[in-house]
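For reference, the structure discussed in these notes is given below.
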Amino acid sequence: MTTRSEPGQDRPDPGLEAITSERRQLINLAYRLLGSLAEAEDAVQETYTRWYAMSRQQRDAIRSPGAWLTTVAGRVCLNLLGSARARRETYVGEWIPEPLPEHTEWISGRQGFTMADPADRVTLDESVDLAFLVLLESMTPAERVAFVLHDVFCHSFAEVAEIVGRTPAACRQLASSARRRVRASRSATTPAAQRAGVVRDFKQAWEAGDIDALIGLLDPDATAIADGGGVVTAFLHPIEGGEQIALAWAELARRRPGDMTFLERTVNGQPGLVARQGGVTVTVLAFEVTGDRIKQIWVVRNPGKLRRWTRG
């Protein structure tokens, strides 16, 4: 990242370290707002481009560079959310947020398959649980921005209002509406060890093609959704019902290539599965588990969303 050459700019920028240290926080914010790490990186890059497009005097006049960067990043994301809705209307099949592996598994597709910069890491807490990100997709762009900024990142409604372009009272209503959606969709919390056990049992039943075992692990009203992006084969419409999902997964097990392996991996901070073929991750599965049953399966096969899962 470089600055323009201006009179008096041949000396080091004393605020450079403070500015660049904000990158990780901005990536975390943008990923939660956009559901795509690639888009989050672009949004943050655009934010820094706007910062360095100002003169040194203009930058020096900003009392809180971190707050300025957050405001600009929020506005960039809000604009992207509006255009994303139009793009996803023409998306082939279902659109699922980009899944993230654990930090130790990260490979940056933009850096020639080297370990990603720690500044680009997303903190894997419950606010990046794939079920939570999918729920955020159901909100309007303004609701999503207001809710994430206030409830997840603890910004005041006055700060949110500056980003969203509405009054603080209106932003409070937006966040309240989003919060009601979250409460209505949240099921009872299942301990992490229990969730991992259910996913492990599902993996074993899937590998064995055991339909009865699969049915026993699936909620009768379970749903499976796949995202191939029109690039690779994936079922275009959700599969409804535990029995139908079990039959579909047993058929997948029957037809799987001999060099395909299933691995237990953490997906957005939750127990998940990965299918690898020829050393390449071809599918990532995330689960919503309630009690001892799986209620939701998200299957991501779009290669553009799996670059960070492939080891070089």
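The values are calculated or read from the model by the stated rules, or taken from the named source; none is laboratory data. Predicted model only: the values in this text are computed from it and were never measured. Positions of Cβ are generated from backbone atoms using ideal geometry, with glycine treated the same way; all protein chains shown enter the neighbour counts. Note: accessible area is taken over every heavy atom of the protein model, side chains too, but ligands, DNA and RNA are not part of it. Shrake-Rupley method; radii C 1.70, N 1.55, O 1.52, S 1.80 Å.
Between a residue in region 225-241 that is part of a loop (DSSP other than H, G, I, E, B) and any residue that is hydroxyl-bearing (S, T, Y), which pairs come within a Cβ distance under 8 Å, given they are 6 or more apart or on different chains? From region 225-241, the pairs are G229/Y91; G230/Y91; P238/T223. Considering only residues in region 181-202 that are within 21 Å of the chain's Cα centre (by Cα) and basic (K, R), the one that is least open to solvent (accessible area, probe 1.4 Å) turns out to be R195.
Okay, residues lined up against (1) over 30 Å from I239 (Cα atoms); (2) among the β-branched types (V, I, T):
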site: Q58; (1), (2): yes, no
site: W68; (1), (2): yes, no
site: T71; (1), (2): yes, yes
site: G82; (1), (2): no, no
site: R87; (1), (2): no, no
site: P99; (1), (2): no, no
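Comparison of A253, A188 shows that the only residue that is over 21 Å from V289 (Cα atoms), in contact (Cβ under 8 Å) with a residue 40 or more places away in the chain and among the hydrophobic types (A, V, I, L, M, F, W, C) is A253. Contact annotation: residue pairs with Cβ atoms under 7 Å, 6 or more positions apart or on different chains, pairing a residue in region 76-94 that is under 18 Å from E162 (Cβ atoms) with a partner that is in a helix (DSSP H, G or I) and open to solvent by 50 Å² or more (accessible area, probe 1.4 Å), are V76/E46. For the criterion of being in contact (Cβ under 8 Å) with a residue 60 or more places away in the chain and under 30 Å from V148 (Cα atoms), A196 passes. Within region 15-51, being hydroxyl-bearing (S, T, Y) and modelled with pLDDT under 90 holds for T20, S21. The set of residues from region 289-312 being among the acidic types (D, E) and either crowded, with 17+ Cβ neighbours inside 10 Å or in a strand (DSSP E or B) (or both) is empty. Among the numbered conditions (1) at pLDDT 95 or above; (2) part of a helix (DSSP H, G or I), the only one that A184 does not meet is (1). The set of residues in region 238-271 being surrounded by 21 or more Cβ atoms within 10 Å (Cβ to Cβ) and either more than 27 Å from the chain's Cα centre (by Cα) or farther than 19 Å from E102 by Cα (or both) consists of G242, I245, A246, W249. When P97, P141 are checked against the criterion of being in contact with a helix residue (DSSP H, G or I) (Cβ under 8 Å, 6 or more places away or on another chain), over 20 Å from L285 (Cβ atoms) and modelled with pLDDT of 90 or more, a single residue qualifies: P141.
Residues of region 272-288 include at least one that is free of Cβ contacts under 8 Å to residues at least 60 places away in the same chain, buried (at least 16 other Cβ atoms within 10 Å of the Cβ) and of a type in the set (D, E, K, R). Pairs meeting the criteria (first residue in region 140-160 and open to solvent by 50 Å² or more (accessible area, probe 1.4 Å) and of a type in the set (G, A, S), second residue modelled with pLDDT of 95 or more and part of a helix (DSSP H, G or I), beta carbons under 7 Å, at least 6 apart or on different chains) are A158/P168. One residue alone among R121, R166 is surrounded by fewer than 19 Cβ atoms within 10 Å (Cβ to Cβ) and modelled with pLDDT under 75, and that residue is R121.
Does region 52-68 contain any residue that is surrounded by 18 or more Cβ atoms within 10 Å (Cβ to Cβ) and modelled with pLDDT of 90 or more? For region 52-68, residues surrounded by 18 or more Cβ atoms within 10 Å (Cβ to Cβ) and modelled with pLDDT of 90 or more: present. Being at pLDDT below 95, loosely packed, with under 15 Cβ neighbours inside 10 Å and of a type outside the set (F, W, Y), is that true of even one residue in region 203-211? Checking region 203-211: at least one residue is at pLDDT below 95, loosely packed, with under 15 Cβ neighbours inside 10 Å and of a type outside the set (F, W, Y).
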